[in-house]
Amino acid sequence: MSKEVKQRGEPNPCVFIHVNHKQILGAIVGKYALEKHSSNTDKFDVKFIEVKDQAFLHDKEGQFYLRDG
């Protein structure tokens, strides 16, 4: 991003990783891998969306989902 865009305060694109207490280590490793292996680390953010903080996700805990189904 150009300095001009940064000065206006526009946010970086963001990668969201959904995680529960069982998957936190994998999420941390995933964040590390994205940041380490990207040539544009300064152009995006990585944030966690934790199930414990989102009631609608907590209600779906343990349910199965069909992909393309």
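Results for (1) over 20 Å from Gly62 (Cα atoms); (2) surrounded by 13 or more Cβ atoms within 10 Å (Cβ to Cβ); (3) at pLDDT below 90, shown as yes or no for each residue.
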site: Val15; (1), (2), (3): yes, yes, no
site: Leu25; (1), (2), (3): no, no, no
site: Val29; (1), (2), (3): yes, no, no
site: His37; (1), (2), (3): yes, no, no
site: Asp42; (1), (2), (3): yes, no, yes
site: Val46; (1), (2), (3): yes, yes, no
Query raised in the report: Regarding Glu61, is this residue over 15 Å from Cys14 (Cα atoms) and acidic (Asp, Glu)?
Result: yes
Query raised in the report: Among the residues of segment 27-62, how many are touching a strand residue (DSSP E or B) at 6+ places or on another chain (Cβ under 9 Å) and either touching a residue at least 60 places away in the same chain (Cβ under 8 Å) or hydrophobic (A, V, I, L, M, F, W, C) (or both)?
Result: 9
Report task. Out of the residues in segment 48-58 that are of a type outside the set (Phe, Trp, Tyr) and exposed (fewer than 10 other Cβ atoms within 10 Å of the Cβ), state the one that is modelled with the highest pLDDT. Result -> Asp53
Query raised in the report: Among (1) surrounded by 10 or more Cβ atoms within 10 Å (Cβ to Cβ); (2) touching a residue at least 12 places away in the same chain (Cβ under 8 Å), which single condition is His21 missing?
Result: (1)
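Let's see how each residue does on (1) of a type in the set (Asp, Glu); (2) assigned to a loop (DSSP other than H, G, I, E, B):
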position	(1), (2)
Glu10	yes, yes
His21	no, yes
Leu25	no, no
Gly30	no, no
Lys36	no, no
Lys47	no, no
Leu57	no, no
Lys60	no, yes
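The values are calculated or read from the model by the stated rules, or taken from the named source; none is laboratory data. Everything quoted here is computed from the prediction, not taken from an experiment. Glycine also receives a Cβ, built like all others from the backbone with ideal geometry; neighbour counts cover every protein chain displayed.
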